[in-house]
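Report on the structure given below.
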Amino acid sequence: MKQTGERAARPSPPPLEANDQVVIWVGTAGWAVALVILLIIRDSLPADQRWWIWTCACGVAFGVFASWYVPRLKRGRARAAARRAAREERGGRDQSAPRDSGSNTVSSTETPGRSTRS
């Protein structure tokens, strides 16, 4: 008989995949609605609370940017995964070659004698 504190170990379920465009556009629509409401009541807002208008405008702008950027990001990740799979299918990874992360950033380990600390 199991004790009450023990639970049977079950594998974690796979992560759920959301429709990114729906999520982005619902969020952007929420910021747009808030922006319209704040623009309507702008004159009754105290001067120190008008920054909310710019917050909503930035939310709309970031949402529009995300609707352009996220599909490109996902396509790039899918291409990278396909390249990795093709490379592994051809005979595995070449251990002597450094791994290309796609980043142009140089780490402090790649530039001896130079520190990234200020």
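The values are calculated or read from the model by the stated rules, or taken from the named source; none is laboratory data. These figures come from a predicted structure and were not determined experimentally. All Cβ positions, even for glycine, are placed from backbone atoms using ideal geometry, and neighbour counts span all protein chains on display. Surface areas here come from the heavy atoms of the whole protein model, side chains and all, with no ligands, DNA or RNA. Shrake-Rupley method; radii C 1.70, N 1.55, O 1.52, S 1.80 Å.
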Calculated FRET efficiency, A82 and F62, Cβ-Cβ r, R0 35 Å, to nearest 0.05?
0.75
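Which value, in Å², gives the accessible area per residue of region 1-60 when a 1.4 Å probe is used on the protein heavy atoms? List each step's numbers first, then the result.
Working: 5260 Å² over 60 residues.
I get 88 Å² per residue for this part.
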Per-pair calculated FRET efficiency, R0 = 35 Å: V36 and Y69 via Cβ, rounded to 0.05
0.90
Using a simple spin-label model with points 7 Å from Cα along the Cα→Cβ vector, what separation in nm is obtained for L45 and R7?
4.4 nm
The correct pair for region 1-64, radius of gyration to one decimal and Dmax as a whole number, both in Å and from Cα atoms, is 21.8, 69
